[in-house]
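The values are calculated or read from the model by the stated rules, or taken from the named source; none is laboratory data. Treat the numbers as computed from the prediction; the structure is a model and nothing was measured. Neighbour counts run over all protein chains shown; Cβ positions are idealised from the backbone, glycine included.
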Amino acid sequence: MLDDRATKRLLASAADEVWHPRRVPLLALTGGIASGKSTIAALLADHGAVIVDADAIVREVQSPGSPVLDEIAGAFGGDVLRSDGSLDRAALGTLVFGHPERLARLNALVHPAVRAESQRRFEAAFAADPAAVVVYDVPLLAEARAGDAWDLVVVADSPTELRVRRLVENRGLTEADARARIGSQASDEERRALADVVIDTATDMDATRRQVDELWERLTRSA
């Protein structure tokens, strides 16, 4: 739902020619694992939004031979690398999920590189088209970039038990692993506290699509 506070921020950012050389806002789209965030991103892309995918950037900055991957191997050991030199994400996940100190150490290695590359992509997108709607698809907004100057924060929201079921049925995780992954992220309450718009993904696809369509209409109306 897009509330009055969100509408005022949209209008203010559209008028702010000094600080934002663009006509529409920069959105941060976040949500916990299995919350439906990627579905919302895909629907916004169908409308014409430019999606900057934080997870894709993470994979790039962790590619074989990268400084970030070298630092990860130094911090967590060579067992997190496959024989071809690429990152074994499952092995790394086993080491860090459920261990807050290790996860914080990993994030400290990865987040600065992701921040720099995402900013470069935002600037490139708006330079190419000042009227573009740019959406940063980022699972760890509350953990890493809550204080950044987003014009609008959109949160995909779904109950924990439904997310556990999605992870077990769709991704093959055990229930214990699913709960550990969810528990390693910010709470639903922390994400909602950042939200200008909350999209409920707990029902069917048509309901999610209607909410995204409403958001898009309000975004483009403010441009």
Inset, instruction - Please identify the pairs in which a residue from the range 118-137 that is crowded, with 17+ Cβ neighbours inside 10 Å has its Cβ atom under 7 Å from the Cβ atom of a residue that is among the small types (Gly, Ala, Ser) and assigned to a strand (DSSP E or B), counting only partners at least 6 apart or on another chain. - result: TYR136/ALA28
Inset, instruction - Identify all residues within the range 169-216 that are exposed (fewer than 12 other Cβ atoms within 10 Å of the Cβ), hydrophobic (A, V, I, L, M, F, W, C) and within 24 Å of ASN107 (Cβ to Cβ); write none if there are none. - result: ALA176
Inset, instruction - Working only within the range 61-88, note down all residues that are of a type outside the set (Val, Ile, Thr) and under 18 Å from the mean Cα position of the chain (by Cα). - result: GLN62
Legend entry - Checking ARG102 against (1) within 22 Å of the chain's Cα centre (by Cα); (2) farther than 20 Å from ILE33 by Cα; (3) among the basic types (Lys, Arg), the condition it does not meet: (2)
Legend entry - the range 147-186, subset under 20 Å from GLY93 (Cβ atoms), of a type in the set (Ser, Thr, Tyr) and outside any helix (DSSP H, G or I), residue modelled with the lowest pLDDT: SER184
